[in-house]
1. For residue 175, which of the numbered conditions (1) touching a helix residue (DSSP H, G or I) at 6+ places or on another chain (Cβ under 8 Å); (2) farther than 22 Å from residue 86 by Cβ; (3) without any contact (Cβ under 8 Å) to a residue 60 or more places away in the chain fails to hold?
2. Test each condition in (1) at pLDDT below 85; (2) within 20 Å of residue 36 (Cβ to Cβ); (3) part of a helix (DSSP H, G or I) for residue 294 and report the one that comes out false.
3. Since residue 312 meets every condition but one in (1) buried (at least 21 other Cβ atoms within 10 Å of the Cβ); (2) not in a helix (DSSP H, G or I), which condition does it not meet?
4. For the stretch 97-132, how many residues meet the condition of being part of a loop (DSSP other than H, G, I, E, B) and farther than 28 Å from residue 227 by Cβ?
5. Scan the stretch 282-299 and tell me whether some residue there is within 24 Å of residue 4 (Cα to Cα) and buried (at least 22 other Cβ atoms within 10 Å of the Cβ).
6. Of everything in the stretch 42-77 that's assigned to a helix (DSSP H, G or I) and over 18 Å from residue 94 (Cα atoms), which residue is farthest from the chain's Cα centre (by Cα)?
7. Report whether or not residue 211 is assigned to a helix (DSSP H, G or I), closer than 17 Å to residue 291 by Cβ and in contact (Cβ under 8 Å) with a residue 60 or more places away in the chain.
């Protein structure tokens, strides 16, 4: 029973990180119908901003070092949380800049062109991030600590990831019920009809990219939590995380927030459970079988429901 509880907690912790990533993907896909391959690099940029805010009090720019008044409170939970919020705002601003400069001029062109544009943005951002002369330590207050109620090991990082995913999903649920959220749903349904009814499509695109970049920052930070991560931002590992979350979107639904959230939790549980209970068969399954398993599930789901389990089917008139 103890092992089962630990598997569930660890699985939900990993699944929550996947869910945050998937939610960011879905936010952009619902409005632009484009899979954003720059999502991982946007997350790494926001995570780097947090590391800089906590380490040198700047944003990766030497001239701004020491300007953050919250740096000295970074070793407290509330101070670290405020710095995380500030980093998410920085990530959102980067997302807005990317949307206005590189994406907005291409709206209306083919999906292929927009996807190539996001790949180019990803490469450019990754190059800048890799060369940023700042420390990468995120100074997470709880480190690799855990609780042990009744002999069950409960990693604090897993609980934090679950809480952050819940907050992200809840925030999107609230956003969907606002006037701007309704406008975003209208644009997702029919862009031309939304424009005809006075919806500011450009504003919707800006806001959705900002939300997606903020969620990407949150996911990159959660992925670095120890003991799963090192406690430091890895600009190489972060984009890989975002590709690992692609099966979550395909399984849950390309345009479904509920599908992204529940799919992320399910995939996380599946990976942790497979790693724990099938480890004795590793010689047969291969060393990387927990990583491959979600892709096999994805293929099986797409053969039956191409739009995902909770995604909306597209009806085309011919």
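1. Against the list (1) touching a helix residue (DSSP H, G or I) at 6+ places or on another chain (Cβ under 8 Å); (2) farther than 22 Å from residue 86 by Cβ; (3) without any contact (Cβ under 8 Å) to a residue 60 or more places away in the chain, residue 175 comes up short only on (2).
2. Every condition holds for residue 294 apart from (1).
3. All conditions are met except number (1).
4. Matching residues across the stretch 97-132 total 4.
5. Yes - at least one qualifying residue is present in the stretch 282-299.
6. So the residue we want is 63.
7. Taking the combined requirement at face value, the residue does not satisfy it.
Residues are listed down the side, and each one gets a yes or a no for (1) under 30 Å from residue 195 (Cβ atoms); (2) in contact (Cβ under 8 Å) with a residue 24 or more places away in the chain:
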| site | (1), (2) |
| --- | --- |
| 1 | no, no |
| 12 | no, yes |
| 16 | no, yes |
| 33 | yes, yes |
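The values are calculated or read from the model by the stated rules, or taken from the named source; none is laboratory data. Note that this is a predicted model, so its numbers are computed, not measured. All Cβ positions, glycine included, derive from the backbone under ideal geometry; neighbour counts span all protein chains shown.
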